Amino acid sequence: MTDTPPPPPGPADQPPPHHSPYGQAPGTPPPPGDGPPPGYGPPPGYGPPPGGGYDPRWGYGPPGVPNGPYGPQGPVNPNDLTWAMFAYLGAILAGFIPALVIYFVKRHESSFIRFHAAQMVNYQLTMLIQLLASLAVALVPFAVTEHPAWFVLIAPAYLNAVIGQWVFIVLGALRSGKGQFYRFPTFFCFRMVR
């Protein structure tokens, strides 16, 4: 083994710049045959997409949409804030029924109300699925051994249904009251209703 350090990285060890996906100098066209076939360009009146090109081999690609799931939003109507908050707070009184009714009645009036009502319906359905799956997993060993200790397998789903529900209801109600889009973590809320 030698004590000499490795040579410093040269230009050949660096990724190509993002604006030059084919390795040519900036401003020169790509080599022949590397572009789309003739007649397959953008429709008339449309230019290249905003943000410039990128090389998918280096990095993670173009950035996503920074303004939430429905693009940039203006100020939210106070009436919409009330309905969105009630989609969460109604779960305390009657489970998923208030959020489901709000979703079907108000979904075409406001994307803000639709998002929050669907969020609460999805959370309630996810809790139901997790509880039923845990119960099904615990029933098989219980039926074989007739020992109730197997129902400990239900504990995580039960804690989510009891404690997690309050946490997510409060978080969702607070964020919707501020006019923000707040999405629950996917493990706790599968997106089934959109």
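What follows is calculated from the coordinates using simple rules that are stated; it is not laboratory data. Model, not experiment: these values are computed from the prediction.
Taking each pair of distinct Cα atoms in the range 99-194 once, what is the resulting Kirkwood hydrodynamic radius in Å?
14.7 Å
Using the Cα atoms of the range 83-147, I'd like the radius of gyration and the largest Cα-Cα distance, Dmax, both in angstrom.
Cα-based Rg and Dmax for the range 83-147 come out at 16.4, 54 Å.
Once the piece of chain linking residue 77 and residue 107 is laid out straight, how much longer is it, given 0.36 nm per residue of separation minus the C-alpha distance between them? List each step's numbers first, then the result.
Details: separation 30, 0.36 × 30 = 10.80 nm, distance 1.46 nm.
Working it through step by step, the gained length comes to 9.3 nm.
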